[in-house]
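The values are calculated or read from the model by the stated rules, or taken from the named source; none is laboratory data. If you're wondering where the values come from, they're calculated on a predicted model, not measured in any experiment. Every residue, glycine among them, receives a Cβ derived from its backbone with ideal geometry; neighbour counts consider all protein chains shown. All accessible areas refer to the heavy atoms of the entire protein, side chains included, with ligands and DNA or RNA removed. Shrake-Rupley method; radii C 1.70, N 1.55, O 1.52, S 1.80 Å.
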Amino acid sequence: MRRLLAGGLALVAVTVPGASASGPSLPSDDAVRRILVDRIDAERQGVGIVVGLVDGQGRRIVAHGTFSKTDPRPVDGDTVFEIGSVTKVFTSLLLADMARRGEVTLGDPVAKYLPEGVSVPQRDGRPIALVDLATHTSALPRMPENFAPANPANPYADYTIAQLYQFLATYKLPRGIGTQFEYSNLGYGLLGHALARRQGTDYKTLVRERILNPLGMNDTAITLSAALTARLAPGHDGALKVVPNWDLPALAGAGALRSTANDMMTFLEMALGARDTPLSPALATALRTRRLSGAPGGEVALGWAITPGHDEEIVWHNGGTGGYQAFIGFLPKSKVGVVVLSNASTRLGIDDIGIHLLDPQIPLAPPPTKRSVATVDPILFDGYAGRYQLAPKFILTVTREGNGLFAQATGQTKL
């Protein structure tokens with residue numbers, strides 16, 4: 001998942017082109033380090049990047065960069081990052097585990113786990129089911145229409161459950177449920193909320209009790225302790241300036257987790273079957289339940305994107321907030337996996353690094369071209385002002401303010 005505009009659209013997904021599997025071996029530490037040095041020092045597309053690699057030889061960390069320009073501490077496997085929409089693979093694992101335990105079924109209407117009187121839109125008599133939310137086929141939009149952040153630098157912080165319920169009560173689905181993929185942060189926030197209500201708790205408690213504690217992921221959390229806060233690398237925007245952290249109280253299941261590369265490798269070991277855990281059957285359910293994603297040959301499982309490869313498929317997810325980017329992916333047959341965490345939300349990002357490490361035949365993205373600066377008469381800006389629909393319920397609003405031209409996508413920061 002990633003961006004449509006540099007630095008602007010976080011907690012969204014894109015599809016990586018068809019990939020080919022590279023076999024069970026991952027690149028050497030030196031090869032990985034050269035990539036990170038180029039990305040940060042030469043291309044200026046990062047501040048600190050940590051890569052975790054898991055294969056038959058065990059696990060290892062390769063890192064380069066620092067916390068910030070004013071904090072020279074080197075990032076490492078214990079540095080804390082926001083992981084954005086990678087949170088969704090935890091939410092989908094909760095769903096699969098609860099289904100395995102018989103606490104829910106994948107086909108349950110989400111309305112079943114919301115308060116009495118809360119109205120959830122239907123289409124042609126069909127309700128939105130939990131599996132529809134988990135596969136982004138609910139026909140709900142990417143973001144709710146009543147999402148209007150008071151602070152664009154921390155856009156989800158003031159969105160409430162009451163607003164979520166209000167939106168659900170008034171929204172009309174534009175198409176049949178289960179008929180089309182449309183990535184939805186709203187849908188995953190609703191899913192996490194419904195699962196937590198089913199267990200009579202909140203999302204952060206549920207994910208801690210069901211996933212983080214059993215796996216020993218002690219450095220992964222939504223609310224950070226003082227010790228974890230001390231290891232949280234500041235986030236940076238596309239210009240490598242420090243930006244505020246994000247909070248997602250109502251839509252936590254869409255992207256609220258923070259983690260470290262070491263903890264995320266523990267999660268990868270579970271996914272690869274290298275760690276004996278009761279969660280393994282739930283992950284198998286999550287990967288087995290699939291729908292078409294709309295990309296050539298692509299599918300979406302419960303929370304995971306599936307990209308067809310030459311020898312085997314690549315299973316992956318990525319994420320981003322205002323100052324961070326994250327990637328997790330693995331090859332199920334070859335039993336290798338990669339996690340990449342960055343404390344900068346840059347144009348080039350880190351998704352290509354993760355995919356390239358899993359399959360070196362897929363090249364890294366070319367560095368951004370240097371832009372020339374031209375003088376433009378501000379009177380011309382008025383001709384560009386307007387609202388541009390990029391997807392259903394996803395609008396890019398362009399405005400002129402003085403001698404500046406600004407763009408703001410639905411639910412995102414103004415640029």
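Things to note:
- On full extension, the segment bounded by VAL376 and ALA153 gains 77.5 nm, given 0.36 nm per residue less the C-alpha separation.
- The length gained on full extension between ALA169 and ALA385, counted as 0.36 nm times the residue separation minus their Cα-Cα distance, comes to 74.6 nm.
- With all protein chains in place and a 1.4 Å probe, the accessible surface of region 227-273 carries 57 percent carbon and sulfur.
- Under 17 Å from the THR160 label point (7 Å along Cα→beta-carbon), backbone N, region 244-260: 248-252
- Farthest toward the positive end of the dipole of the chain, out of LEU240, GLN45, PRO149, is the Cα of PRO149, where the dipole comes from beta carbon charges about the Cα centre.
- A crude spin-label estimate for the pair ASN218 and ASP124, with each label 7 Å from Cα along the Cβ direction, gives 5.3 nm.
- Each of LYS333 and SER25 was given a label point 7 Å from its Cα along the Cα-to-Cβ line. The distance between the two points is 1.9 nm.
- Farthest towards the positive end of the charge dipole of the chain, among the residues VAL62, ILE353, PRO174, is the Cα of PRO174, using unit charges on the Cβ of Lys, Arg, Asp and Glu.
- Between ARG33 and ASP78, the FRET efficiency estimated from the beta carbon spacing at R0 = 25 angstrom works out to 0.85.
- Cα gyration tensor, region 293-374 - rounded (a/c under 1.5), prolate or oblate: prolate
- Residue-normalised accessible area of the chain, given per residue in Å² at a 1.4 Å probe: 40
- Rounded, prolate or oblate (a/c below 1.5 giving rounded, otherwise prolate when a/b exceeds b/c) for region 135-284 by Cα gyration tensor: oblate
- Calculated mean residue ellipticity at 222 nm for the chain: -6500 deg cm²/dmol, from DSSP H runs with n ≥ 4 weighted as -39500 (n - 2.57), summed, divided by the residue count and rounded to 500.
- Relative contact order (percent, whole number), the chain, Cα cutoff 8 Å, 6+ residue spacing: 26
- Within the accessible area of region 19-98 (1.4 Å probe), percent carbon and sulfur: 50
- Gain on full stretching of the segment that runs from ALA42 to THR229 - 0.36 nm per residue minus C-alpha separation: 64.4 nm
- Under the simplified labelling scheme, the ASP311-ASP276 pair shows an inter-label distance of 2.9 nm, with each label point 7 Å from Cα along Cα→Cβ.
- Fluctuation leader among SER92, SER342, SER119 - the chain, Gaussian network, Cα springs under 10 angstrom: SER119
- Only Lys, Arg (+1) and Asp, Glu (-1) charged, at Cβ; the chain dipole about Cα centre in debye: 500
- Note that the chain carries a Kirkwood radius of 21.6 Å, evaluated over its alpha carbons pair by pair.
- Shown in residue order for region 342-358 are the 3J(HN,Hα) couplings computed by the Karplus curve 6.51 cos²θ - 1.76 cosθ + 1.60 at θ = phi - 60°: 9, 9, 8, 9, 9, 4, 6, x, 9, 4, 5, 5, x, 5, 5, 5, 6 Hz (x for Gly and Pro).
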